[in-house]
């Protein structure tokens, strides 16, 4: 015998232990080995990457230092050439030396020579910067482009000489130009004996950024020699560094200042927000002529006024630059940009004709006479920024008595000083420096346009400062509109026309791109500065240099490396996704895991064989357990095994199967006994149902079993698939009227029309007794007054007696409801209802609380006697519903619900056309099927009995949809449901224990069934099957009185 306690004291078998330990030890050892390998592989990968980055940084520093040293040395070398300048002109023999030097050093874009008289000479290496070929319209055979500028004022001419590799001339072109080297930084800053270096600026000839190394020639001529290097050279080198690191283009390499400003990078910038293109404007003929004669217009470009007008490594960017591009698209005006100069230098270049257009200019009294101003293309508001914790500043006067930082040469400073002289302004080189002055405490606040302040703060990751926006200057007006300045009115008129035609979509795009700080799509918020604050923070802490930092940047795990070079004036930052550095180690680990998994899979069959003596009997036991789950207890067998524990488990399973079988049988017996008990209780509740709930299941099962066995005919395809389906039908048949247990007995037992809880015909009879005595009293009263008329009075009295008897007999017969009530009889009832009698007693005395609720009128003083009608429909006869009747939609009930629960009106009940039930009574009777649905649907039937509620609640449906409660049609009714319809009707017709009707012989019952079948009340095929199989006779012999069993000619119904 299996024992739980004994089992708990047992231990697992040795084979199971061996196999389990084998698998566990293998997995544990593999996991430890792979984990260690992963750890050390990652460490080695990290160390290798760090060494690689250190080496790259060293090479970078050496490369840049070498590049700088070579540029300085070569510049000095070339400046020492003999006879470079002869008779105030450039000696063209030097071109061969320049070409040879650039041929052997392909990093140099060009060699320039500028003379004090404004003449300019330049030899360009077209192979260094391929885009220069496109801009200069050269052909593949051209290797060098020699250009020189001579002349004065409007007669200043630039000549282009296209040379092949041997400096042989192919063609000469010339153009008018205003370029003057003397205003360029490389010329101005040049000195004898010392080589100067410019900041990145835009090369005039190719409109691409670069740097120039320059030196003044020692021959006292005042000429300056310059060596040009494009920033493309640095970018190519950084791209090579990035490609040299694992991952290639996915790596980011930046050379930047400690403040974060990018010197060069391998990253290409691309705008996420594109400015919609503009269509050409319809210009006048004069305007077209002006455009055609304008050629290339030079436009100012500041380097440090973001986001309006600035440059990144010499390349123009900003709101104003995009506006100029839109103007160019609309007007066909062509612009080139001049930068590298201070704002004052740009203004001077404009005044001297070196620049045709000044853009982003605020019109003031001082510059009003410089030319013609365009309409404003952007209106600015002014803001100040302070340390946190100060009160909000809304008016400029609140800054009086304080030092305020402003950008150098800012035009509106004089305006503010004029109106607010107590403010002390301190000028700084840029807005960024103004921020730094606030943070260092040198000034109380920084003043600039709100756009510029917020952009700079985002650009340089400046935090923990307080912005005070929309600064007021009232009552004074401070200029705040950005305009374009030119000397030619027709040019400004064309520009104004273009500005007026900038579309709302373009303005929205410009705002999103440059101004709207809340825009999540703003791509330029860190333009010109390294995109990650970590690069600036690590660069500021020398202890964090030359280390790999694993950081989460934009949701991606990245390795960041920063080192300083050029005496700390420049930083090299490398950002690499961690997965790229760790990819080799990860690959090794994955390979190890794969090999380990293959080995494990190889050994699994061996482990399987080792465990087979255990697994096989367990699987067999599981199969036997499935039989128990499916309640197939008789098929459960013992599983043979040599393992003691499993053998005991097999014995236990056999015992459990037997116990379950016995328990299930007892539960089924209990359920069926309860079901029969409910049916018997319904039958016992009223003699009017008698044995109905017992006989319907018997008849239904007879007919269902016959249909199940049918091998031909319309029911040959019908069968109960198993015992569960048969039991399901049987239980439904027994429960088909279980809802009647909720139907009031006086409704079920209502044998007459006036019956409520008792037969109210006795009240009517008593009223006739009153009328009888009233007639006799009237006779005696008249006889006392007129004794001589005794015979006449007696005759009248006897006639009255006869009429009363006839009237009462009529009402009594109408109460029985055995025949159809004609309209003539209804009219007679209405006439009799008007007969009156005298009531001397209060009809509200002795009432129950429930009866009192039916009297709606308040109690008033009544003078007795009261005249009453013989038959009455009083308000108190109406029994209202206590709550609204609603059916759950899932039941599909479609029964019409009477307004009142009961109507006990005497005339209303006596006027029933057929039978004894009013509409309210009929609904109450039919409501039993609703109770059946609710009761059965609330029970948790198992799946094999799921259709019991449906079968039990459809025996009052018809094939034509007139039944209740769901008004189903023949398409909705299954064969078991149709069987219960016939069983219910036939039993009701032939029942002998119904006090309210006589039992019908089977011939009459069959004929009624036939008529109902023809009327689609029931299934005619099933009716014929009922007759042809003799089920009707088998049922009659078992349950009916012999007097009911007469001859039935079934042939007339089967044809």
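Within the stretch 709-725, the set of residues being assigned to a helix (DSSP H, G or I) and in contact with a helix residue (DSSP H, G or I) (Cβ under 8 Å, 6 or more places away or on another chain) comprises 713, 714, 715, 724, 725.
Only residues that are surrounded by fewer than 13 Cβ atoms within 10 Å (Cβ to Cβ) and over 14 Å from residue 803 (Cα atoms) were counted in the stretch 766-787, giving 8. Looking across the stretch 355-396, the residues that are within 24 Å of residue 310 (Cβ to Cβ), surrounded by 21 or more Cβ atoms within 10 Å (Cβ to Cβ) and more than 43 Å from the chain's Cα centre (by Cα) come down to 355, 356, 357, 358, 359, 360, 361, 374. Residues that are outside any strand (DSSP E or B) and without any contact (Cβ under 8 Å) to a residue 40 or more places away in the chain are absent from the stretch 178-186.
Could you please let me know if residue 986 is crowded, with 20+ Cβ neighbours inside 10 Å and within 20 Å of residue 960 (Cα to Cα)? Explain how you work it out, then say what you get.
Details: crowded, with 20+ Cβ neighbours inside 10 Å: yes; within 20 Å of residue 960 (Cα to Cα): yes.
Here the answer is yes, as residue 986 does meet what is asked.
When the criteria are applied in full, residue 183 meets the requirement of being at pLDDT 80 or above, in contact with a helix residue (DSSP H, G or I) (Cβ under 7 Å, 6 or more places away or on another chain) and under 27 Å from residue 317 (Cα atoms).
Restricting the stretch 478-495 to residues that are under 51 Å from the mean Cα position of the chain (by Cα) and in a loop (DSSP other than H, G, I, E, B) leaves a set whose member that is surrounded by the fewest Cβ atoms within 10 Å (Cβ to Cβ) is 480. Restricting attention to the stretch 726-751 and to residues that are surrounded by fewer than 19 Cβ atoms within 10 Å (Cβ to Cβ) and in a loop (DSSP other than H, G, I, E, B), the residue that is modelled with the highest pLDDT turns out to be 744.
Take residue 314 and decide whether it is surrounded by fewer than 21 Cβ atoms within 10 Å (Cβ to Cβ), under 30 Å from residue 257 (Cβ atoms), touching a helix residue (DSSP H, G or I) at 6+ places or on another chain (Cβ under 9 Å) and not assigned by TED's automatic domain parsing to the domain that holds residue 207. The answer is no for residue 314. Test residue 355 against the criterion of being closer than 26 Å to residue 200 by Cβ and in contact with a helix residue (DSSP H, G or I) (Cβ under 9 Å, 6 or more places away or on another chain), and give yes or no. In short, yes. Could you run through the stretch 393-409 and say how many residues are under 8 Å from residue 427 (Cα atoms) and in a strand (DSSP E or B)? The total comes to 3.
For the stretch 893-990, give me every one of the helices (runs of 4 or more DSSP H) that falls completely inside it and has 3 or more residues that are within 20 Å of residue 738 (Cβ to Cβ) and in contact (Cβ under 8 Å) with a residue 40 or more places away in the chain.
919-937, 948-952, 975-990
Within the bounds of the stretch 442-461, is there any residue that is surrounded by fewer than 16 Cβ atoms within 10 Å (Cβ to Cβ) and in contact with a strand residue (DSSP E or B) (Cβ under 8 Å, 6 or more places away or on another chain)? Yes - at least one qualifying residue is present in the stretch 442-461.
The values are calculated or read from the model by the stated rules, or taken from the named source; none is laboratory data. All values reported here derive from a predicted model rather than from experimental measurement. Counting neighbours? That spans all protein chains shown, and the Cβs are built from the backbone with ideal geometry, glycine included.
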